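First the structure, in the form of structure tokens, and then the observations on it.
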Amino acid sequence: MPNDWHIAVSSDEIPSPAILLYPDRIEENVNRMIAMTGSAERLRPHVKTHKLAEVVKIQLKLGINKFKCSTISEAEMLAQAGAKDILVASQQVGPNAERLVNLASWYRDIRFSTITDDAETVGNLARIAQINNLNLPILLDLDVGMGRTGIKTGGAAITLYKLINQLPGVEPIGLHVYDGHLHDSDQNERFTKWQKIIDDIQSLQNEIDSIGLTVKTIVSGGTPTFPFYAKHTKHECSPGTTLLWDFGYAEKFPDLKFEQAAIIISRVISKPSNNRITLDLGHKGIAAENSHPRIKFLGLNDADAILHSEEHLTLQTNHAENYQVGDLLYGIPKHICPTVALYERAYV
């Protein structure tokens, strides 16, 4: 790729801050995902990273038809974009249970599914689905070590799986496994911890089989463990960051080779001193949950963030003299997923 790949032809006309997406690079990343799994059929990419129908359509064009999302709004976007199989990977409580069932009722040619780790919640969902003449596929959400959501493998998981099978309006189709706690930079260490998860899942599946029920689908992992699940043909893989990439994952997981496909543009709005420039890129334009650097500006490697507030980012750099008020900078975010969520639109 040329070093100036990020330069946008119409950048002078784009208000800042803004997010730019590069479709050719997104397509390259999707092709790499397919190559790693050996088939588009084994992919169920997460849309939380981009939340965009245009990115979904790139994947549809390349043969991916199954997707994972976190919210009803994302599920609505997927349905409108033409997805045929949508997993809402968060437990649907309160009004969202009815929203999901309504969505599945409106798009009866699309296969909607969701996850659960709670008997009362899935019972309520089953009741609403039955009223609407639906049989909603359910994946048992497993806690494999992260401690955020899910049920531990073992007797309680078997009991809940049996209950789902007995409820009219829902159907147990498999397991949902998210191992977001596996963030070891060393690939071998990550693999060793992942192998324990695989063994536990296989044991649970064997127990479910032994009581006469079936695990048809296992949706597993995020981005860090994607290479491992990609070689494990019983699992559908659900990476998300791989589509747009960011420098946080690029540095932490050097074994994962994906292209940066999203850039934030910002402009110099002040030069408060000889070695400082202030940009129009505050917390409202770049994810701020991580420590600095939260963004790396291309061609400005020595920049250190000195101040960061809602609308401003002040950088200290020995190259401040090279920039004038109004000049444009291109930067790669540290964490792309929450950064995308800050913008109403993206530019290509």
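Readers should treat all values here as calculations from the given coordinates under stated rules, not as data from a laboratory. All of these numbers come straight from a predicted model, not from anything done at the bench. Cβ atoms come from the backbone with ideal geometry, glycine included; neighbour counts cover every protein chain shown.
Going by neighbour counts of Cβ atoms within 10 Å, the residues Ile306, Ile34, Ile336 line up, fewest first, as Ile306, Ile34, Ile336.
Considering only alpha-carbon pairs that sit under 8 angstrom and 6 or more positions apart, the relative contact order computed for the chain is 18 percent. For the stretch 285-332, the dipole from Cβ point charges (+1 on Lys and Arg, -1 on Asp and Glu) about the Cα centre works out to 140 debye, to the nearest 20.
The value of relative contact order for the stretch 77-232, using C-alpha pairs under 8 Å at least six residues apart, is 19 percent. In percent, rounded to a whole number, the relative contact order of the stretch 213-293 is 17, using alpha-carbon pairs under 8 Å and six or more apart.
Helix 23-37 and the longest principal axis of the C-alpha atoms of the chain enclose an angle of approximately 40°.
Between the Cα long axis of helix 119-131 and the first principal axis of the chain there is an angle of about 80°, rounded to the nearest 10.
Secondary-structure-derived ellipticity at 222 nm for the chain, considering helices only, amounts to -9500 deg cm²/dmol, per-run term -39500 (n - 2.57) for DSSP H runs with n ≥ 4. With kT/(6 pi eta Rh) evaluated at 20 °C and eta = 1.002 mPa s, and Rh the Kirkwood radius from Cα pairs, the stretch 262-340 diffuses with a coefficient of 175 µm²/s according to Stokes-Einstein.
Measuring r between the beta carbons of Glu28 and Asp304 and using R0 = 35 Å, the FRET efficiency lands at 0.65. Counting beta carbons within 10 Å around each of Leu163, Leu21 and listing the fewest first gives the order Leu163, Leu21. Entry for the stretch 180-239 at q = 0.28 Å⁻¹: log10 I(q)/I(0) = -1.22, Debye formula applied to identical alpha-carbon scatterers, no solvent contribution.
Relative to the first principal axis of the alpha-carbon coordinates of the chain, what is the inclination of helix 155-166, with its axis defined by its Cα atoms, in degrees from 0 to 90 and to the nearest 10? So the inclination is approximately 70 degrees.
Calculated on C-alpha atoms, the gyration radius of the stretch 144-186 divided by its Kirkwood radius gives an Rg/Rh of 1.11. Pair-distance distribution of the stretch 155-260: all C-alpha pairs, bin width 10 Å, starting at 0; shares per bin in whole percent are 13, 40, 27, 15, 4. Computed over the alpha-carbon pairs of the stretch 189-348, the distance histogram in 5 Å steps reads 1, 8, 15, 16, 13, 11, 9, 7, 7, 5, 3, 2, 1, 1, 0 percent, short to long. Among Asp200, Asp209, the ranking by other beta carbons within 10 Å of each residue's beta carbon, starting with the fewest, stands as Asp209, Asp200.
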